[in-house]
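Nothing in this text is a laboratory measurement; each read-out follows from the coordinates by a stated rule. As the structure is a prediction and not an experimental result, all values here were calculated from the model. Cβ: placed from backbone, ideal geometry, glycine included. Neighbour counts: every protein chain shown.
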Amino acid sequence: DRGNLEAAPLDWIVVSTDPNKVAEVSRLVENTLIARGRSPLIYANAAWAILASPELDGYLVLHDVFFAITAVIGLLVLTNLLLLTGRRRRPEVGLRRAEGASRADIFWQFLWEGVLISLVGAILGSVTGVVLATMRATLDPSAVLSASWPWSTIYEAMLIVIVGAAIASAGPAWSVSGTDPALLLKEGRG
């Protein structure tokens, strides 16, 4: 806002432009300043050049590949965790089955536990990512980018997590729920 400036000459000025027009605006600013007898020092953040470059599409594909690999590994870890948890909790499952819980009750219990564990992890990961990005943008004096909540990406990630966790949890949940209660109670006493 130039209304707050005194009549004194300016020492510097910041020009913000579309990343695709940085070179064009840079030449215009340089010619204008030289015509007024000033020596220009043009600074453009390198991030703008990267964000505006066509090579960014290749990096986005690489990002998607890393996301898929990470998601598959995370779901395999979840499956393993639920298999181990189900094995360790067999006496509890036997007791619940002996008290009248159906196989479906046990199945849904383990399925929801897996989905809940994954959902909490996804929420914590999203919050941590945005907080770290905000801290990075705040602490860097030359940063021209700011962090924001990418809601559509977060919703997509949550959908992938919920569906993936349900699929990854179904096998262990079905495995745990199908054991004979008498055998499970016998294992619990031994």
Practice task
Go through the stretch 118-170 and give me each residue that's more than 12 Å from the chain's Cα centre (by Cα) and crowded, with 16+ Cβ neighbours inside 10 Å.
Solution key: S118, A147, G164, A165, A168, S169, A170
Practice task
For L183, work out the one condition from (1) free of Cβ contacts under 8 Å to residues at least 60 places away in the same chain; (2) assigned to a helix (DSSP H, G or I); (3) exposed (fewer than 13 other Cβ atoms within 10 Å of the Cβ) it doesn't fulfil.
Solution key: (1)
